[in-house]
Amino acid sequence: MREELDLLLADIASRTFETADQVEAFRVEFLGRKGKIKDLMAEFRNVAPELKRELGPQINKVKGAVEERLAIEQAVFKKKKSAKASGIDASRPAGGQPHGTHHPLQVVRREIVGIFKNMGFEVVEGPEIEDDWHVFSGLNFPPEHPARDMQDTFFVERNPDLLLRTHTSSVQVREMEKRKPPMRIIMPGRVFRNEAVSSRAHCIFHQIEGLYIDENVSFADLKQTLLHFAKRFFGPETKIRLRPSYFPFTEPSAEVDVYWGLETEVDKRITKGTGWLEILGCGMVDPNVLEANGIDSKKYSGFAFGMGIERITMLKYQIGDLRLFFENDKRFLNQFSGER
Ligand code: PHE
């Protein structure tokens with residue numbers, strides 16, 4: 001009988017159940033009126049008295065093992081049943097936790113910076129609260145230049161020499177002060193202008209500035225660098241054109257357009273019927289700027305460029321209203337959840 005009890009214990013432990021009916025059959029098999037436990041009790045009555053002490057607890061152990069398995073299995077199938085009734089499929093893999101998304105401006109900033117990093121540019125940042133020298137005077141803005149006008153610039157009330165930078169070109173000045181050529185740097189950051197907020201303008205926006213200074217840097221280097229960037233960012237077939245322009249700190253200066261096409265009504269509207277879209281301003285660093293920052297303009301030359309991240313993001317994702325970037329509406333932000 002001792003052996004039989006051991007076998008039963010092993011049997012009970014090894015059972016598996018696919019359905020609630022199988023659990024019920026197991027219950028009847030052991031605990032039913034003609035079940036195995038009943039049989040064991042009958043057998044036990046005929047056992048020699050000296051063995052009863054040992055075998056009694058063993059039989060109880062078998063019975064306990066059956067009851068334990070039943071309690072567990074019955075609970076499992078009860079749960080499955082109620083899950084089924086509620087329409088929940090407990091066998092499905094669990095869904096992931098919802099996670100946050102990268103802001104579209106951040107996605108584009110990283111992509112742009114990454115392209116220039118691959119070309120050997122180093123990333124640097126500068127302060128948002130600046131002084132007149134770094135934003136204007138050090139960049140060859142004459143004292144009467146309209147960009148200094150109260151309309152464009154937020155000045156700090158207590159100290160009119162302090163202002164919120166209106167462009168990231170201020171970081172160029174800071175880096176020229178600190179470094180010796182050659183330098184090849186890319187400078188992302190937030191800028192501020194006193195403009196009425198609309199679908200096309202905001203008082204806060206973001207720029208990425210680039211600066212390359214070395215011996216024999218030419219306008220051709222500037223153009224090739226920007227063409228390479230445009231192809232990497234907008235696609236290998238992208239065409240660019242340079243239009244003459246004016247900035248106080250570059251000479252010659254240009255604005256760069258990418259060819260967008262004229263296929264749809266939207267293309268016609270956003271390119272004002274030309275097919276071309278402006279993406280950035282650039283030029284050869286004015287020798288006055290190099291000299292003002294302690295760089296020998298006879299030995300060195302350089303190029304600089306600056307682009308608006310909002311503008312480029314709006315082009316890339318066909319976003320019609322700049323204000324969406326600053327409202328943090330999750331319905332907008334969640335559309336970028338796949339972007340890194
Ligand atoms: N700072 C200029 C702007 O904000 C852009 C620019 C940067 C132009 C560098 C030329 C060179 O519009």
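The values are calculated or read from the model by the stated rules, or taken from the named source; none is laboratory data. Because the structure is a prediction, the values reported are computed rather than measured. As a convention, Cβ positions derive from the backbone with ideal geometry for all residues, glycine included, and neighbour counts pool all protein chains shown.
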* Asked: Would you say residue 198 is closer than 18 Å to residue 283 by Cβ and assigned by TED's automatic domain parsing to the domain that holds residue 324?
  -> no
* Structure fact -> Note: among 311, 269, just one is within 16 Å of the ligand (Cβ to nearest atom) and assigned by TED's automatic domain parsing to the domain that holds residue 116, namely 311
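Here is a yes/no grid of residues against (1) surrounded by 10 or more Cβ atoms within 10 Å (Cβ to Cβ); (2) within 30 Å of residue 20 (Cβ to Cβ):
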site: 74; (1), (2): yes, yes
site: 82; (1), (2): yes, yes
site: 96; (1), (2): no, no
site: 113; (1), (2): yes, no
site: 121; (1), (2): yes, no
site: 130; (1), (2): yes, no
site: 137; (1), (2): yes, no
site: 155; (1), (2): yes, no
* Pick out the one residue from 231, 223 that is without any contact (Cβ under 8 Å) to a residue 24 or more places away in the chain, within 15 Å of the ligand (Cβ to nearest atom), charged (D, E, K, R) and assigned to a helix (DSSP H, G or I). => 223
* Within region 97-136, can you find the residues that are under 17 Å from the mean Cα position of the chain (by Cα) and of a type in the set (D, E, K, R)? -> 109, 110, 111
* Structure fact -> Restricting region 234-251 to residues that are touching a helix residue (DSSP H, G or I) at 6+ places or on another chain (Cβ under 7 Å) and within 16 Å of the ligand (Cβ to nearest atom), the one farthest from residue 173 (Cα to Cα) turns out to be 240
